[in-house]
Amino acid sequence: MNSYLSTPVEYLKGVGPAKGDLLKKELQIFTFNDLLFHFPYRHIDRSKVYKISEVNGELPFIQLRGKLSNMRTLGSAGAQRLVAELRDGSGMIELVWFQGHKWLKDALKADKTYLVFGKPNEFNGSYSMVHPNMDDPDDVETKKYLHIMPLYTTTEKMKARGVDSKAIMRMINTLLLDPKFFVEEDIPASICVQQKLMNRQDALQLIHFPKDFAALAAAEFRLKFEEFFFIQLRLLRFRMKRTQLINGIRLEQIGDLFNKFYNECLPFDLTNAQKRVIKEIRVDVKRGVQMNRLVQGDVGSGKTVVALMSMLMAIDNGYQACMMAPTEILATQHLQTVSSLLKDLPVTVKLLRGATGIKERRIIHEQLESGELDILIGTHALIESKVVFKNLGMAVVDEQHRFGVEQRSKLWQKNKFPPHMLVMTATPIPRTLAMTLYGDLDTSVIDEMPAGRKPIQTIMRYDSSRLAIFGFLKNEISKGRQVYIVYPLIEESETLTFKNLVEGYESICKEFPEPKYQVSILHGKLKAAEKAFEMSRFVRGETQIMVATTVIEVGVNIPNASIMVIESAQKFGLSQLHQLRGRVGRGADQSYCILMSDVKQSNEAKQRIKTMCETNDGFKIAEVDLKLRGPGELEGTAQSGILDLKIADLANDTEILAQARMAAQMVLDEDPQLLLNVNKPLAQHYALYRKTAKWGRIS
Ligand code: ADP
Ligand code: MG
């Protein structure tokens, strides 16, 4: 960045200390450069001037041109308004201001022609505009904005002190008109040519004051590309360095355990997708570089067995393995699954979690350090510094989106040589997010469900159908099926959540009385042992109904449970609904998901429920979720900082992102260290970023 752009914002003509302070406090605009990068949120077309006679109630914001007359202040003190008339020969419209009218009264001149911009309102058959924008058509500065006008975000505080969208527009105009204004190009010319990128300086001017909408689109493309390009360059560079600098453990043998498991212990045939992913992992771990692989697969696609076979690769070569899960229930269940699958093999597996007692802990620690323990499964407890492996070769992180990226890296530090890392997502994530959040990882996708699964049928019902639903449940239970009934967590109040759940539980118990029916209840307030007890009753089929909060959301696998009832479904997010639904449909029976909803639903809730009823495809659902909520709201992404995008949009700019990633890869293929002269700006950008970025440290 040049010295002009790094000038503190208060030095800009027309800003000064007071407004400068506002800009800093309200919008984090500290320098000219920050101001330049305060992009408009919208542009409006001011090339058209309407006649007053054309005004009707249907029109959005429009522009008029006419003479001002009959300015007067109306109303009593404290509730005064300024009113004026505007005439253009075709008719008259009233202009009204409730605020700032003292100042306006002096600034506006009767009998002068103005360009007036605003939204017409109808009242009793006549039209008015409230707080219209007034411009002098002869003013040189105004003429600039007459085609397409930018609108800028400001805050209430700023508006109250006269720093509104238009004021910001003027500041930026001043900035751009200064003869000292210039912006360096930071993308190599070859890429600019290849991608047909507008040059950087033009783009930064036109994004504010475009000549036409085509120029605006070209400027937007350039700036979005740039934003993605540098993120991808960093991610890919990081990945490259890691593979160059970090010696990975070489897992050369396909050994006895892996083969014996595959040939004798697997209770089913692997799907082709599972086989492909396992092969990809095999190739990775033999190369002598650290594997960092993301496995994406829809709920129920069979990620666990892929993890297990990857861990066997490590054990076959004399290393240990671990598997980290986000909840105790899930860790416990992984332990059960893994132990039972491995029961005929000489592999020791143990569980470490928060509730593990001191004595058991000590034994685990000792066995880990001596190498006696092959597989350790657990929760966050795994990354405590006391947990030391003799030689960890493979670390699996299940349901990654619950873990911060920081935690992922902590696992690597457990060894002299970092273990191979296998990250598994709970639900699919959209391509753009995957490329951004996990852009430093290689990706595998399990895009096929085990054979024989029947698609889950999803329906939405209102409270009025409750009796019919109960009848349906009874019928299914009589066929030997089991049912989940899930209540939402009420964020504001744990007590309220609990009350809802308990009330629900009581009414279910009444409707499904003992001894014919047994009902389990599971929620966050139970102790780990109690949770495990209730789970095990349900797993053994001793209870037919499990009433629970979302603690069962992640990963729980009980194939005989075939019905998922979600209470107040309108309150759940899409990915959560999909996760919950994924608890059923795991056996051979037809499964159902019943979304109980209030009649009152927000538009977004309607869309979520509609999406759920229409598709079982987790990748599609993830895309819709991203569009509805935006990336910042998605679970586990908030802290990442990667998603503070200024202009690019992860929900809609998939193609630009893919292009930017490819371009970044090409640069690195040619010049891995960014030493070439043409890549100097890239190296500088990169160095600057490492100094300031919060997520640079993750690596
Ligand atoms: P997720 O990908 O959601 O973690 P799981 O690994 O829990 O899925 O697998 C879901 C269920 O599917 C488990 O009961 C598992 O035993 C079963 N399963 C996994 N792979 C296959 C397969 N190839 N054929 C049949 N069943 C399978
Ligand atoms: Mg799982």
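Bear in mind that the values in this text are calculations on the coordinates, not laboratory data. Just so it is clear, the model here is predicted, and its values are computed rather than measured. Cβ sites come from the backbone with ideal geometry, for glycine too, and all protein chains shown count toward neighbours.
Below 12 angstrom from the Cβ of PHE619, what's the summed charge of the other residues (Lys, Arg +1; Asp, Glu -1)?
So the surrounding residues net to -3.
Can you tell me the 0 to 90 degree angle between the C-alpha axis of helix 165-177 and the longest principal axis of the chain, rounded to 10?
Between helix and principal axis, roughly 80 degrees.
Among GLN63, ILE148, ALA110, whose Cα lies farthest out toward the positive end of the dipole of the stretch 42-151, if unit charges sit on the beta carbon of Lys, Arg (+1) and Asp, Glu (-1)?
Value computed over the given set: ALA110.
Quick one: angle between helix 213-245 and the longest Cα principal axis of the chain, in degrees between 0 and 90, rounded to 10, please.
Between helix and principal axis, roughly 30 degrees.
Counting only pairs 8 or more places apart or on different chains, how many lysine pairs in the stretch 42-151 have C-alpha atoms closer than 22 Å?
27
Tell me the angle of helix 618-629 to the major Cα principal axis of the chain, expressed in degrees between 0 and 90 and rounded to the nearest ten.
30 degrees
Could I have the simple spin-label model distance between ASP202 and ALA529, label points 7 Å from Cα toward Cβ, reported in nm to one decimal?
Those two pseudo-labels are separated by 7.4 nm.
Could you sort the peptides 352-360, 95-103, 573-581, 516-524 by per-residue average Cβ neighbour count (10 Å cutoff), highest mean leading?
573-581, 516-524, 95-103, 352-360
Would you grab the residues whose amide H sits under 5 Å from the one on MET460? Only those 5+ places off in sequence or on another chain, please, with H modelled 1.01 Å from N.
Counting only residues 5 or more places away or on other chains, the set is LEU595.
Which of ALA203, LEU236, ILE191 sits farthest toward the positive end of the charge dipole of the stretch 168-244, with +1 on the Cβ of Lys and Arg and -1 on the Cβ of Asp and Glu?
So the residue we want is LEU236.
May I ask you to compute the full-extension gain from LYS105 to SER385, defined as 0.36 nm times their residue separation minus their alpha-carbon distance, rounded to one decimal in nm?
Computed gain between LYS105 and SER385 is 93.8 nm.
How large is the helix-only mean residue ellipticity at 222 nm for the chain, computed as the sum of -39500 (n - 2.57) over DSSP H runs with n ≥ 4, divided by its residue count, in deg cm²/dmol to the nearest 500?
Numbers: 24 runs with 274 residues, N = 699.
It comes out at -12000 deg cm²/dmol, rounded to the nearest 500.
So if the hydrodynamic radius of the stretch 154-222 is defined as the Kirkwood radius over C-alpha pairs, what does Stokes-Einstein give as its diffusion coefficient at 10 °C and 1.306 mPa s, in µm² per second?
116 µm²/s
Between the stretch 86-116 and the stretch 271-321, how far is it from one alpha carbon centroid to the other, in angstrom?
71 Å
Please express the Cα-Cα pair-distance distribution P(r) of the stretch 42-151 as a list of whole percents, one per 5 Å bin, running from 0 to the bin with the greatest distance.
Cα pair-distance distribution for the stretch 42-151, in percent: 2, 12, 23, 24, 21, 13, 4, 1.
For a quick protection proxy, order the peptides 212-222, 263-273 by their average other-Cβ count within 10 Å, most packed first.
Ranking, from highest mean packing down: 212-222, 263-273.
Scan around LEU352 for amide H atoms under 5 Å from its own, H built in the peptide plane at 1.01 Å from N, and keep only partners 5 or more places away or cross-chain.
Those lying under 5 Å, H to H, from LEU352 are ILE377, GLY378, THR379.
Given the chain, what percent of its DSSP beta bridges are antiparallel, to the nearest 5? Walk me through the numbers before you get to the answer.
Working: 31 of 84 bridges.
Around 35 percent of the beta bridges assigned by DSSP in the chain are antiparallel ones.
Semi-axes, largest first, in whole Å: what does sqrt of 5 times each Cα gyration tensor eigenvalue give for the chain?
Working from the Cα gyration tensor, I get semi-axes of 56, 36, 21 Å.
Quick one: if you take sqrt(5λ) for each eigenvalue of the C-alpha gyration tensor of the stretch 457-615, what semi-axes come out, biggest first, whole angstrom?
Listed largest to smallest, the semi-axes of the stretch 457-615 are 22, 18, 16 Å.
Provide the net charge surrounding LYS112, with neighbours chosen by a C-beta distance below 9 Å and charges set as Lys +1, Arg +1, Asp -1, Glu -1.
Numbers: positive: LYS67, LYS109; negative: ASP111, ASP136.
Value of the local net charge: 0.
If you take the charge dipole of the stretch 457-615 about its Cα centre, with +1 on Lys and Arg Cβ and -1 on Asp and Glu Cβ, which of LEU501, MET460, ALA528 is farthest toward its positive end?
It is MET460, whose Cα lies furthest towards the positive end.
With only Lys, Arg, Asp and Glu charged, each at its Cβ (+1 for the first two, -1 for the last two), find how big the charge dipole of the chain is about the Cα centre; round to the nearest 20 debye.
Charge dipole of the chain: 640 debye, to the nearest 20.
Using 0.36 nm times the number of residues separating ARG72 and SER493, minus their current alpha carbon distance, what extension gain do you get? List each step's numbers first, then the result.
On the way: separation 421, 0.36 × 421 = 151.56 nm, distance 5.31 nm.
Answer, rounded to one decimal: 146.3 nm.
Measuring from label point to label point, each 7 Å out along Cα→Cβ, what is the GLN194 to ASP21 span in nm?
That separation, rounded to one decimal, is 5.1 nm.
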